[in-house]
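For reference, the structure is listed below as structure tokens.
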Amino acid sequence: MKPLVEMIDIRKHFGGIHAVEGVSLDLHPGEVVGLLGHNGAGKSCLMRILSGAMKPSSGEIRVRGEPVEIGSPQNARLHGIETIYQTLALADHLDAPANLFLGRELRTRWGNLDDKRMLEEARRLLARLNPNFRNLTDPVSRLSGGQRQVIAIARAIYFKVQILIMDEPTAALGPSETAMVAELVQQLRAEGIGIFLISHDMHDVFELCDRVVVMNRGHMVGAHKVADVTKDDILSLIIKGQLPDGWTPRGGGAVH
């Protein structure tokens, strides 16, 4: 199956600092790829390049096999790439429909805001993601972290996302809300959406991801199927930049 997106030999330099150094990775439909590494390892920088928030120093990006230039977040969205940042980028004083359509409001044929249609669309989409979501007209400042995450995900998929970047989606959430976000990730995967998951939570990675990519000092030091590695293997990659001595894949499979 052709990848949704390929990042080929991506490099990003800030003067003499090499934030990303020759990284290549891909993402397939219905796949969740975890990105791990210490702060400053380069994973967020790499995803900012894909999201259009930062331009690479060199390298190539292909979407569904075609080379593309992603010069801005707006341009990334035209290619079906959406990002849910850890901060969620929601306007606290606005309600769910207003946040869902923020910057891309629906309008009547006379050019006025179509509040009725936006409310109906928000109700339909949020019910699909979370049937218990009822607080559509409350400011999002009154909503729980899990409900806010649902709004951010709804905003992405309403606009036909195919490649979703999720930055620490369960940070600061309680166990029940973390479980809800995990269910949403599984739902998006089942719909064929490819997800890059930036996370420090090893449990999330092993529960949700098909593959894991580890970065260390700007380099990709490991890319493995989750089924082939243990948490200790991943910690070794994060800390030392290499797998433990004598490492072999779990189950005796081939090295990836």
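The values are calculated or read from the model by the stated rules, or taken from the named source; none is laboratory data. What you see is a predicted model; the values in this text were computed from it and never measured. In this analysis, Cβ positions are derived from the backbone assuming ideal geometry, glycine residues included, and neighbour counts consider all displayed protein chains.
Below is a table of values for the structure above.
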| read-out | value |
| --- | --- |
| Selection status of GLU191, of a type outside the set (Ser, Thr, Tyr), touching a helix residue (DSSP H, G or I) at 6+ places or on another chain (Cβ under 9 Å) and within 30 Å of ALA223 (Cβ to Cβ) | yes |
| Test: residue in segment 57-65 that is in contact with a helix residue (DSSP H, G or I) (Cβ under 9 Å, 6 or more places away or on another chain) and outside the structural domain of LEU126 (by TED's automatic domain parsing) | yes |
| Subset of segment 125-150 (residues that are among the β-branched types (Val, Ile, Thr) and crowded, with 20+ Cβ neighbours inside 10 Å) | VAL140, VAL150 |
| Pairs with Cβ under 7 Å, 6+ apart, first in segment 79-105 and touching a residue at least 12 places away in the same chain (Cβ under 8 Å) and surrounded by 15 or more Cβ atoms within 10 Å (Cβ to Cβ), second in a loop (DSSP other than H, G, I, E, B) and among the polar types (S, T, N, Q) | GLY80/GLN162; ASP95/THR137 |
| Test for GLU121: is it buried (at least 16 other Cβ atoms within 10 Å of the Cβ) and either free of Cβ contacts under 8 Å to residues at least 60 places away in the same chain or not in a helix (DSSP H, G or I) (or both) | yes |
| Listing of helices (runs of 4 or more DSSP H) fully contained in segment 151-256 that carry 3 or more residues being without any contact (Cβ under 8 Å) to a residue 40 or more places away in the chain, in contact with a Ser or Thr (Cβ under 7 Å, 6 or more places away or on another chain) and surrounded by 17 or more Cβ atoms within 10 Å (Cβ to Cβ) | 175-190 |
| Where SER57 falls short, out of the listed (1) more than 17 Å from the chain's Cα centre (by Cα); (2) under 24 Å from VAL181 (Cβ atoms); (3) surrounded by fewer than 17 Cβ atoms within 10 Å (Cβ to Cβ) | (2) |
